[in-house]
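The values are calculated or read from the model by the stated rules, or taken from the named source; none is laboratory data. If you're wondering where the values come from, they're calculated on a predicted model, not measured in any experiment. Virtual Cβ from ideal backbone geometry, glycine too; neighbours counted across all protein chains shown.
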Ligand SMILES: Cc1cc2nc3c(=O)[nH]c(=O)nc-3n(C[C@H](O)[C@H](O)[C@H](O)COP(=O)(O)OP(=O)(O)OC[C@H]3O[C@@H](n4cnc5c(N)ncnc54)[C@H](O)[C@@H]3O)c2cc1C
(Lines give C-alpha, C1' and ligand atoms only; values in the text may rest on other atoms or scores of the structure.)
Protein backbone atom coordinates (compact mmCIF):
# COMPACT_ATOMS: atom_id res chain seq x y z
CA UNK A 1 0.00 0.00 0.00
CA UNK A 2 1.39 3.34 -1.05
CA UNK A 3 0.23 6.23 1.15
CA UNK A 4 0.79 9.63 -0.47
CA UNK A 5 0.65 12.76 1.69
CA UNK A 6 -0.61 16.16 0.47
CA UNK A 7 -1.62 14.71 -2.89
CA UNK A 8 -3.19 16.94 -5.57
CA UNK A 9 -6.66 15.93 -6.80
CA UNK A 10 -6.89 18.61 -9.51
CA UNK A 11 -6.54 16.04 -12.29
CA UNK A 12 -8.99 13.71 -10.54
CA UNK A 13 -12.12 15.91 -10.61
CA UNK A 14 -13.69 16.75 -13.97
CA UNK A 15 -14.50 20.32 -12.92
CA UNK A 16 -10.74 20.78 -12.58
CA UNK A 17 -10.73 22.66 -9.27
CA UNK A 18 -7.50 22.51 -7.32
CA UNK A 19 -7.70 20.32 -4.24
CA UNK A 20 -5.21 18.61 -1.95
CA UNK A 21 -5.82 15.42 0.04
CA UNK A 22 -4.07 15.01 3.37
CA UNK A 23 -3.53 11.33 2.45
CA UNK A 24 -4.25 9.48 -0.81
CA UNK A 25 -4.23 5.72 -1.41
CA UNK A 26 -4.94 3.95 -4.69
CA UNK A 27 -7.02 0.82 -4.11
CA UNK A 28 -6.30 -1.97 -6.62
CA UNK A 29 -7.96 -4.87 -4.77
CA UNK A 30 -10.28 -5.67 -1.88
CA UNK A 31 -7.16 -6.62 0.10
CA UNK A 32 -5.78 -3.09 -0.50
CA UNK A 33 -9.09 -1.71 0.74
CA UNK A 34 -8.87 -3.67 4.02
CA UNK A 35 -5.29 -2.48 4.52
CA UNK A 36 -6.25 1.14 3.85
CA UNK A 37 -9.20 0.94 6.24
CA UNK A 38 -6.87 -0.43 8.94
CA UNK A 39 -4.44 2.45 8.28
CA UNK A 40 -7.22 5.03 8.56
CA UNK A 41 -8.44 3.44 11.79
CA UNK A 42 -4.97 3.31 13.31
CA UNK A 43 -4.35 6.97 12.42
CA UNK A 44 -7.90 8.02 13.35
CA UNK A 45 -8.51 9.42 9.85
CA UNK A 46 -11.79 9.94 8.05
CA UNK A 47 -12.21 7.94 4.81
CA UNK A 48 -13.41 9.55 1.54
CA UNK A 49 -14.11 7.44 -1.54
CA UNK A 50 -13.16 8.82 -4.94
CA UNK A 51 -13.65 7.24 -8.36
CA UNK A 52 -13.69 9.22 -11.63
CA UNK A 53 -14.42 12.56 -9.90
CA UNK A 54 -17.11 13.42 -12.46
CA UNK A 55 -19.96 13.99 -10.03
CA UNK A 56 -18.36 15.88 -7.16
CA UNK A 57 -17.88 19.43 -5.95
CA UNK A 58 -14.45 19.13 -4.45
CA UNK A 59 -13.19 21.13 -1.46
CA UNK A 60 -9.78 22.85 -1.72
CA UNK A 61 -8.36 20.72 1.13
CA UNK A 62 -9.49 17.28 2.24
CA UNK A 63 -8.54 16.15 5.72
CA UNK A 64 -8.35 12.40 6.18
CA UNK A 65 -7.61 9.76 3.59
CA UNK A 66 -8.92 9.66 0.03
CA UNK A 67 -9.30 6.10 -1.31
CA UNK A 68 -9.03 6.16 -5.10
CA UNK A 69 -10.91 3.08 -6.32
CA UNK A 70 -9.08 1.26 -9.11
CA UNK A 71 -10.15 -2.40 -8.68
CA UNK A 72 -10.22 -3.79 -12.23
CA UNK A 73 -11.77 -6.90 -13.78
CA UNK A 74 -14.90 -8.13 -15.54
CA UNK A 75 -16.37 -11.63 -15.26
CA UNK A 76 -19.04 -13.05 -17.56
CA UNK A 77 -20.73 -15.77 -15.47
CA UNK A 78 -23.14 -17.36 -17.86
CA UNK A 79 -24.83 -16.21 -20.99
CA UNK A 80 -25.39 -12.60 -19.93
CA UNK A 81 -24.82 -12.24 -16.19
CA UNK A 82 -21.78 -10.03 -15.62
CA UNK A 83 -19.85 -9.03 -12.51
CA UNK A 84 -17.69 -5.96 -12.93
CA UNK A 85 -15.25 -4.51 -10.44
CA UNK A 86 -15.71 -0.97 -9.17
CA UNK A 87 -12.59 0.53 -10.74
CA UNK A 88 -13.50 -0.27 -14.35
CA UNK A 89 -14.27 2.79 -16.48
CA UNK A 90 -18.06 2.81 -17.08
CA UNK A 91 -17.96 3.71 -20.77
CA UNK A 92 -15.22 1.14 -21.52
CA UNK A 93 -17.38 -1.46 -19.77
CA UNK A 94 -20.37 -0.50 -21.95
CA UNK A 95 -18.10 -0.90 -25.02
CA UNK A 96 -16.98 -4.31 -23.73
CA UNK A 97 -20.64 -5.41 -23.37
CA UNK A 98 -21.28 -4.42 -27.01
CA UNK A 99 -18.21 -6.40 -28.14
CA UNK A 100 -19.59 -9.42 -26.26
CA UNK A 101 -22.90 -9.09 -28.17
CA UNK A 102 -24.76 -8.09 -24.98
CA UNK A 103 -27.61 -5.62 -24.62
CA UNK A 104 -29.00 -3.57 -21.74
CA UNK A 105 -26.64 -0.65 -21.08
CA UNK A 106 -25.92 0.65 -24.60
CA UNK A 107 -27.96 3.82 -24.11
CA UNK A 108 -25.76 4.70 -21.10
CA UNK A 109 -22.65 4.98 -23.30
CA UNK A 110 -20.22 7.82 -22.61
CA UNK A 111 -21.37 8.53 -19.05
CA UNK A 112 -18.09 9.51 -17.38
CA UNK A 113 -16.82 7.82 -14.25
CA UNK A 114 -16.31 4.34 -12.91
CA UNK A 115 -18.54 1.35 -12.33
CA UNK A 116 -18.43 1.60 -8.52
CA UNK A 117 -20.02 5.05 -8.56
CA UNK A 118 -22.80 4.01 -10.95
CA UNK A 119 -25.12 2.61 -8.22
CA UNK A 120 -24.52 5.65 -5.98
CA UNK A 121 -26.68 7.96 -8.05
CA UNK A 122 -28.33 5.20 -10.12
CA UNK A 123 -26.88 6.59 -13.34
CA UNK A 124 -29.20 6.89 -16.27
CA UNK A 125 -29.49 8.26 -19.79
CA UNK A 126 -31.88 8.04 -22.74
CA UNK A 127 -34.54 6.14 -20.81
CA UNK A 128 -32.36 3.48 -19.13
CA UNK A 129 -31.10 3.52 -15.56
CA UNK A 130 -28.62 1.27 -13.78
CA UNK A 131 -31.48 -0.10 -11.64
CA UNK A 132 -33.02 -1.65 -14.80
CA UNK A 133 -30.12 -4.12 -15.05
CA UNK A 134 -28.46 -4.22 -11.60
CA UNK A 135 -28.76 -7.60 -9.86
CA UNK A 136 -26.61 -6.90 -6.83
CA UNK A 137 -23.87 -4.71 -5.41
CA UNK A 138 -20.97 -5.84 -3.21
CA UNK A 139 -19.70 -3.22 -0.78
CA UNK A 140 -17.55 -2.89 2.30
CA UNK A 141 -19.53 -1.55 5.25
CA UNK A 142 -17.17 0.86 7.02
CA UNK A 143 -19.42 0.97 10.07
CA UNK A 144 -19.52 -2.77 10.75
CA UNK A 145 -16.24 -3.52 8.94
CA UNK A 146 -17.49 -6.38 6.76
CA UNK A 147 -18.43 -7.00 3.14
CA UNK A 148 -22.16 -6.96 2.38
CA UNK A 149 -24.26 -7.87 -0.65
CA UNK A 150 -27.23 -5.75 -1.64
CA UNK A 151 -29.76 -7.12 -4.10
CA UNK A 152 -31.52 -4.68 -6.41
CA UNK A 153 -34.36 -3.89 -3.99
CA UNK A 154 -31.99 -3.41 -1.04
CA UNK A 155 -30.14 -0.71 -3.04
CA UNK A 156 -33.33 1.42 -2.79
CA UNK A 157 -32.74 2.89 -6.23
CA UNK A 158 -34.67 6.02 -7.22
CA UNK A 159 -34.16 8.86 -9.72
CA UNK A 160 -30.43 9.77 -9.37
CA UNK A 161 -30.55 8.32 -5.89
CA UNK A 162 -29.91 5.15 -3.87
CA UNK A 163 -29.27 3.87 -0.38
CA UNK A 164 -25.55 4.53 -1.00
CA UNK A 165 -26.17 8.20 -1.76
CA UNK A 166 -28.35 8.55 1.32
CA UNK A 167 -25.77 6.98 3.66
CA UNK A 168 -22.63 8.85 2.56
CA UNK A 169 -19.35 7.60 3.97
CA UNK A 170 -20.73 4.23 5.05
CA UNK A 171 -20.17 1.88 2.09
CA UNK A 172 -17.33 1.36 -0.36
CA UNK A 173 -18.70 -0.40 -3.43
CA UNK A 174 -16.27 -2.98 -4.84
CA UNK A 175 -18.39 -4.89 -7.41
CA UNK A 176 -21.60 -4.62 -9.36
CA UNK A 177 -23.43 -7.56 -10.99
CA UNK A 178 -25.67 -6.84 -13.96
CA UNK A 179 -28.16 -8.98 -15.84
CA UNK A 180 -27.71 -8.13 -19.50
CA UNK A 181 -29.33 -9.96 -22.42
CA UNK A 182 -28.31 -11.73 -25.61
CA UNK A 183 -31.26 -10.32 -27.54
CA UNK A 184 -31.60 -6.55 -27.99
CA UNK A 185 -33.49 -5.04 -25.07
CA UNK A 186 -32.92 -1.44 -26.13
CA UNK A 187 -35.90 0.69 -25.34
CA UNK A 188 -35.60 3.90 -27.32
CA UNK A 189 -38.10 5.83 -25.23
CA UNK A 190 -36.23 9.08 -25.68
CA UNK A 191 -37.44 11.08 -28.66
CA UNK A 192 -33.99 12.50 -29.50
CA UNK A 193 -32.60 8.96 -29.65
CA UNK A 194 -35.47 7.35 -31.55
CA UNK A 195 -35.51 10.31 -34.01
CA UNK A 196 -31.76 9.99 -34.62
CA UNK A 197 -32.09 6.24 -35.20
CA UNK A 198 -35.13 6.70 -37.46
CA UNK A 199 -33.14 9.21 -39.52
CA UNK A 200 -30.63 6.43 -40.14
CA UNK A 201 -33.55 4.19 -41.17
CA UNK A 202 -33.14 2.07 -38.02
CA UNK A 203 -36.54 1.09 -36.63
CA UNK A 204 -35.22 -1.93 -34.73
CA UNK A 205 -31.62 -0.94 -34.07
CA UNK A 206 -28.96 -3.31 -32.77
CA UNK A 207 -27.29 -2.53 -29.40
CA UNK A 208 -24.20 -1.41 -31.34
CA UNK A 209 -26.25 1.05 -33.41
CA UNK A 210 -27.83 2.46 -30.25
CA UNK A 211 -24.37 2.66 -28.60
CA UNK A 212 -22.89 4.57 -31.55
CA UNK A 213 -25.89 6.88 -31.92
CA UNK A 214 -25.85 7.76 -28.21
CA UNK A 215 -22.13 8.57 -28.44
CA UNK A 216 -22.75 10.86 -31.41
CA UNK A 217 -25.70 12.60 -29.69
CA UNK A 218 -23.78 13.12 -26.46
CA UNK A 219 -20.71 14.43 -28.27
CA UNK A 220 -22.91 17.00 -30.03
CA UNK A 221 -24.54 18.41 -26.93
CA UNK A 222 -22.29 17.80 -23.91
CA UNK A 223 -18.89 19.37 -23.36
CA UNK A 224 -16.00 16.91 -22.96
CA UNK A 225 -14.63 17.38 -19.42
CA UNK A 226 -11.12 16.76 -20.79
CA UNK A 227 -11.55 20.00 -22.78
CA UNK A 228 -13.85 22.11 -20.57
CA UNK A 229 -14.25 21.49 -16.82
CA UNK A 230 -17.77 20.35 -15.94
CA UNK A 231 -19.71 17.78 -13.91
CA UNK A 232 -22.45 17.00 -16.44
CA UNK A 233 -25.98 18.03 -15.41
CA UNK A 234 -25.55 20.40 -12.51
CA UNK A 235 -29.20 20.30 -11.39
CA UNK A 236 -31.69 17.46 -11.15
CA UNK A 237 -34.88 17.74 -13.18
CA UNK A 238 -37.44 18.96 -10.60
CA UNK A 239 -40.76 17.17 -10.11
CA UNK A 240 -43.83 19.36 -9.51
CA UNK A 241 -47.51 18.58 -8.88
CA UNK A 242 -49.88 18.29 -11.83
CA UNK A 243 -51.62 21.51 -10.70
CA UNK A 244 -48.35 23.43 -10.54
CA UNK A 245 -47.41 22.12 -13.98
CA UNK A 246 -50.75 23.22 -15.46
CA UNK A 247 -50.31 26.75 -14.09
CA UNK A 248 -46.80 26.89 -15.58
CA UNK A 249 -48.01 25.42 -18.87
CA UNK A 250 -50.62 28.19 -19.23
CA UNK A 251 -47.92 30.81 -18.83
CA UNK A 252 -45.19 28.93 -20.76
CA UNK A 253 -46.92 26.72 -23.37
CA UNK A 254 -43.55 25.42 -24.62
CA UNK A 255 -42.39 24.18 -21.21
CA UNK A 256 -40.71 20.77 -21.48
CA UNK A 257 -42.07 18.17 -19.04
CA UNK A 258 -42.65 14.43 -18.68
CA UNK A 259 -45.10 12.54 -16.43
CA UNK A 260 -43.37 11.25 -13.30
CA UNK A 261 -45.25 9.38 -10.57
CA UNK A 262 -48.15 11.58 -9.50
CA UNK A 263 -46.59 14.74 -10.87
CA UNK A 264 -44.60 16.12 -13.78
CA UNK A 265 -40.80 16.17 -14.18
CA UNK A 266 -39.68 19.49 -15.67
CA UNK A 267 -36.59 19.82 -17.88
CA UNK A 268 -34.32 21.91 -15.64
CA UNK A 269 -32.22 22.86 -18.68
CA UNK A 270 -35.28 24.41 -20.35
CA UNK A 271 -36.13 26.45 -17.23
CA UNK A 272 -32.55 27.76 -16.92
CA UNK A 273 -32.31 28.50 -20.63
CA UNK A 274 -35.64 30.38 -20.68
CA UNK A 275 -34.64 32.37 -17.60
CA UNK A 276 -31.76 33.74 -19.71
CA UNK A 277 -28.78 31.94 -18.18
CA UNK A 278 -27.56 29.92 -21.15
CA UNK A 279 -24.05 31.04 -22.15
CA UNK A 280 -23.72 33.32 -19.10
CA UNK A 281 -20.07 33.69 -18.11
CA UNK A 282 -18.66 35.18 -14.92
CA UNK A 283 -14.87 35.04 -14.93
CA UNK A 284 -13.83 31.43 -15.13
CA UNK A 285 -17.22 29.90 -14.27
CA UNK A 286 -20.35 29.93 -16.38
CA UNK A 287 -23.33 28.22 -17.97
CA UNK A 288 -22.55 26.21 -21.09
CA UNK A 289 -23.39 27.81 -24.46
CA UNK A 290 -25.36 24.84 -25.83
CA UNK A 291 -26.55 23.08 -22.67
CA UNK A 292 -27.94 25.30 -19.92
CA UNK A 293 -27.97 22.42 -17.44
CA UNK A 294 -24.17 22.25 -17.48
CA UNK A 295 -22.08 24.66 -15.41
CA UNK A 296 -18.48 25.04 -16.50
CA UNK A 297 -15.06 26.02 -15.14
CA UNK A 298 -12.39 27.17 -17.55
CA UNK A 299 -9.59 26.87 -14.98
CA UNK A 300 -7.92 28.86 -12.22
CA UNK A 301 -11.13 29.38 -10.23
CA UNK A 302 -12.43 28.26 -6.87
CA UNK A 303 -15.35 26.00 -6.11
CA UNK A 304 -17.10 28.81 -4.17
CA UNK A 305 -17.37 30.88 -7.38
CA UNK A 306 -19.30 28.05 -9.02
CA UNK A 307 -21.47 27.49 -5.95
CA UNK A 308 -22.35 31.20 -5.81
CA UNK A 309 -23.37 31.13 -9.48
CA UNK A 310 -25.44 27.99 -8.85
CA UNK A 311 -27.18 29.70 -5.95
CA UNK A 312 -28.08 32.71 -8.10
CA UNK A 313 -29.50 30.40 -10.76
CA UNK A 314 -31.53 28.55 -8.11
CA UNK A 315 -32.93 31.84 -6.76
CA UNK A 316 -33.81 33.03 -10.27
CA UNK A 317 -35.63 29.76 -11.10
CA UNK A 318 -37.48 29.82 -7.80
CA UNK A 319 -38.58 33.44 -8.39
CA UNK A 320 -39.58 32.92 -12.02
CA UNK A 321 -41.31 29.53 -11.87
CA UNK A 322 -41.79 28.81 -8.16
CA UNK A 323 -39.64 25.70 -8.66
CA UNK A 324 -36.82 24.59 -6.38
CA UNK A 325 -33.74 23.21 -8.13
CA UNK A 326 -31.57 20.62 -6.43
CA UNK A 327 -27.84 20.35 -7.17
CA UNK A 328 -26.91 16.91 -8.58
CA UNK A 329 -23.13 16.53 -7.90
CA UNK A 330 -22.23 15.80 -4.30
CA UNK A 331 -19.99 17.90 -2.06
CA UNK A 332 -16.66 16.13 -1.54
CA UNK A 333 -16.25 15.67 1.32
CA UNK A 334 -19.87 16.05 2.42
C1 LIG B 1 -19.99 15.37 -19.10
C2 LIG B 1 -20.74 14.58 -18.05
C3 LIG B 1 -21.89 13.92 -18.41
C4 LIG B 1 -22.60 13.16 -17.46
N5 LIG B 1 -23.73 12.52 -17.86
C6 LIG B 1 -24.43 11.78 -16.96
C7 LIG B 1 -25.61 11.07 -17.37
O8 LIG B 1 -26.00 11.09 -18.53
N9 LIG B 1 -26.27 10.37 -16.44
C10 LIG B 1 -25.85 10.29 -15.14
O11 LIG B 1 -26.51 9.61 -14.34
N12 LIG B 1 -24.74 10.94 -14.73
C13 LIG B 1 -24.02 11.68 -15.60
N14 LIG B 1 -22.90 12.35 -15.20
C15 LIG B 1 -22.48 12.27 -13.79
C16 LIG B 1 -21.41 11.19 -13.50
O17 LIG B 1 -20.78 10.78 -14.67
C18 LIG B 1 -21.99 9.95 -12.81
O19 LIG B 1 -22.64 10.31 -11.62
C20 LIG B 1 -20.91 8.91 -12.48
O21 LIG B 1 -21.50 7.72 -12.01
C22 LIG B 1 -19.90 9.40 -11.46
O23 LIG B 1 -18.84 8.47 -11.45
P24 LIG B 1 -17.43 8.83 -10.88
O25 LIG B 1 -16.64 7.57 -10.95
O26 LIG B 1 -16.87 9.99 -11.57
O27 LIG B 1 -17.80 9.16 -9.36
P28 LIG B 1 -17.15 10.27 -8.40
O29 LIG B 1 -17.48 11.61 -8.94
O30 LIG B 1 -15.75 9.94 -8.11
O31 LIG B 1 -18.02 10.03 -7.08
C32 LIG B 1 -19.39 10.38 -7.03
C33 LIG B 1 -19.93 10.02 -5.63
O34 LIG B 1 -19.93 8.61 -5.47
C35 LIG B 1 -19.11 8.20 -4.38
N36 LIG B 1 -18.40 7.00 -4.83
C37 LIG B 1 -17.60 6.90 -5.92
N38 LIG B 1 -17.14 5.64 -6.04
C39 LIG B 1 -17.67 4.94 -5.01
C40 LIG B 1 -17.55 3.59 -4.58
N41 LIG B 1 -16.82 2.68 -5.23
N42 LIG B 1 -18.23 3.21 -3.45
C43 LIG B 1 -18.99 4.11 -2.77
N44 LIG B 1 -19.13 5.40 -3.12
C45 LIG B 1 -18.47 5.81 -4.23
C46 LIG B 1 -18.17 9.37 -4.12
O47 LIG B 1 -17.74 9.39 -2.75
C48 LIG B 1 -19.05 10.54 -4.49
O49 LIG B 1 -19.90 10.87 -3.41
C50 LIG B 1 -22.15 13.10 -16.12
C51 LIG B 1 -20.97 13.77 -15.76
C52 LIG B 1 -20.26 14.50 -16.73
C53 LIG B 1 -19.00 15.20 -16.33
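Please go through the stretch 108-125 and pick out each residue that is more than 7 Å from the ligand (Cβ to nearest atom), surrounded by fewer than 23 Cβ atoms within 10 Å (Cβ to Cβ) and more than 20 Å from residue 173 (Cα to Cα).
Of everything in the stretch 108-125, just one residue is more than 7 Å from the ligand (Cβ to nearest atom), surrounded by fewer than 23 Cβ atoms within 10 Å (Cβ to Cβ) and more than 20 Å from residue 173 (Cα to Cα), namely 110.
Among the residues of the stretch 114-150, which ones are in a loop (DSSP other than H, G, I, E, B) and without any contact (Cβ under 8 Å) to a residue 12 or more places away in the chain? Spell out the reasoning first.
Applying the first criterion (in a loop (DSSP other than H, G, I, E, B)) to the stretch 114-150 yields 118-123, 126-127, 133, 142-145.
144, the sole residue that qualifies.
Evaluate the stretch 20-43: report whether one residue or more is modelled with pLDDT of 95 or more, closer than 29 Å to residue 302 by Cβ and in a loop (DSSP other than H, G, I, E, B).
No; the residues of the stretch 20-43 include none that is modelled with pLDDT of 95 or more, closer than 29 Å to residue 302 by Cβ and in a loop (DSSP other than H, G, I, E, B).
Would you say residue 111 is over 20 Å from residue 66 (Cβ atoms), part of a loop (DSSP other than H, G, I, E, B), in contact with a helix residue (DSSP H, G or I) (Cβ under 8 Å, 6 or more places away or on another chain) and not assigned by TED's automatic domain parsing to the domain that holds residue 258? Step through it out loud before you land on a result.
Details: over 20 Å from residue 66 (Cβ atoms): yes; part of a loop (DSSP other than H, G, I, E, B): yes; in contact with a helix residue (DSSP H, G or I) (Cβ under 8 Å, 6 or more places away or on another chain): yes; not assigned by TED's automatic domain parsing to the domain that holds residue 258: yes.
Considered against the rule, which asks whether it is over 20 Å from residue 66 (Cβ atoms), part of a loop (DSSP other than H, G, I, E, B), in contact with a helix residue (DSSP H, G or I) (Cβ under 8 Å, 6 or more places away or on another chain) and not assigned by TED's automatic domain parsing to the domain that holds residue 258, residue 111 comes out as yes.
To keep it simple, each residue is scored yes or no on (1) in contact (Cβ under 8 Å) with a residue 24 or more places away in the chain; (2) surrounded by 20 or more Cβ atoms within 10 Å (Cβ to Cβ).
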site	(1), (2)
6	no, no
31	no, no
52	yes, yes
66	yes, yes
71	yes, yes
93	no, yes
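Does residue 216 count as free of Cβ contacts under 8 Å to residues at least 12 places away in the same chain and more than 22 Å from residue 236 (Cα to Cα)? Full working, then the answer.
On the way: free of Cβ contacts under 8 Å to residues at least 12 places away in the same chain: no; more than 22 Å from residue 236 (Cα to Cα): yes.
Spelling it out, it is not the case that residue 216 is free of Cβ contacts under 8 Å to residues at least 12 places away in the same chain and more than 22 Å from residue 236 (Cα to Cα).
Of all the strands (runs of 3 or more DSSP E) wholly in the stretch 195-303, which have at least 1 residues that are over 18 Å from the mean Cα position of the chain (by Cα), assigned by TED's automatic domain parsing to the domain that holds residue 103 and more than 16 Å from the ligand (Cβ to nearest atom)? Walk me through how you get there before you give the answer.
Numbers: elements: 229-233, 257-260, 263-266, 285-287, 294-297.
In the stretch 195-303, no matching strands (runs of 3 or more DSSP E) lie anywhere.
Just to be sure, is residue 173 within 10 Å of the ligand (Cβ to nearest atom), within 30 Å of residue 38 (Cβ to Cβ) and either outside any helix (DSSP H, G or I) or in contact with a strand residue (DSSP E or B) (Cβ under 7 Å, 6 or more places away or on another chain) (or both)? Steps first, please.
Numbers: within 10 Å of the ligand (Cβ to nearest atom): yes; within 30 Å of residue 38 (Cβ to Cβ): yes; either outside any helix (DSSP H, G or I) or in contact with a strand residue (DSSP E or B) (Cβ under 7 Å, 6 or more places away or on another chain) (or both): yes.
Judged against the criteria, residue 173 is a match.
Restricted to the stretch 73-91, and to residues that are surrounded by 23 or more Cβ atoms within 10 Å (Cβ to Cβ) and farther than 21 Å from residue 2 by Cα, which residue is nearest to the ligand (Cβ to nearest atom)?
Selected residue: 90.
Residue-by-condition table, conditions (1) modelled with pLDDT under 95; (2) out of contact with any strand residue (DSSP E or B) (no Cβ under 8 Å at 6 or more places or on another chain); (3) near the ligand (Cβ under 9 Å from one of its atoms):
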| residue | (1), (2), (3) |
| --- | --- |
| 99 | no, yes, no |
| 104 | no, no, no |
| 132 | no, yes, no |
| 149 | no, no, no |
| 160 | yes, no, yes |
| 169 | yes, no, yes |
| 182 | yes, no, no |
